[in-house]
């Protein structure tokens, strides 16, 4: 099934091409850079340009916060809870890394 706006999109591209808007662009005549995931290249670029990170990176940052909190607290009960949270976070990071690499 075609996109509902495919005709409009093609018309806009044809008009821009007729006006020469694609002439002299940077990289003209050069091969495209290699891409390890061509089906998701655009999505990956948009995510990267907007500062998003893979789930395991976000979890790793949370783990670093927990470690900092552990160093700063002297309360034994709180330290025990932080250690439990750190253990769970490490397991979540491992699962997120495995899921991301698939």
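The values are calculated or read from the model by the stated rules, or taken from the named source; none is laboratory data. These numbers were taken from a predicted model, which means no experiment stands behind them. Here the Cβ is made from the backbone with ideal geometry for all residues, glycine too, and neighbour counts use every protein chain on show.
Listing for the model above:
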item	result
Any hit, the range 15-25, residues being over 23 Å from residue 97 (Cβ atoms) and within 28 Å of the chain's Cα centre (by Cα)	yes
From the options 47, 53, residue that is part of a helix (DSSP H, G or I) and under 15 Å from the mean Cα position of the chain (by Cα)	47
Any hit, the range 63-83, residues being in contact with a helix residue (DSSP H, G or I) (Cβ under 9 Å, 6 or more places away or on another chain), surrounded by fewer than 13 Cβ atoms within 10 Å (Cβ to Cβ) and modelled with pLDDT under 85	no
Odd one out for residue 40 among (1) modelled with pLDDT of 80 or more; (2) surrounded by 10 or more Cβ atoms within 10 Å (Cβ to Cβ)	(1)
Failed item in (1) at pLDDT below 90; (2) exposed (fewer than 11 other Cβ atoms within 10 Å of the Cβ); (3) more than 29 Å from residue 89 (Cβ to Cβ), with residue 35 passing the rest	(2)
Boolean, residue 45 is surrounded by fewer than 12 Cβ atoms within 10 Å (Cβ to Cβ), under 15 Å from residue 89 (Cβ atoms), without any contact (Cβ under 8 Å) to a residue 12 or more places away in the chain and out of contact with any helix residue (DSSP H, G or I) (no Cβ under 8 Å at 6 or more places or on another chain)	no
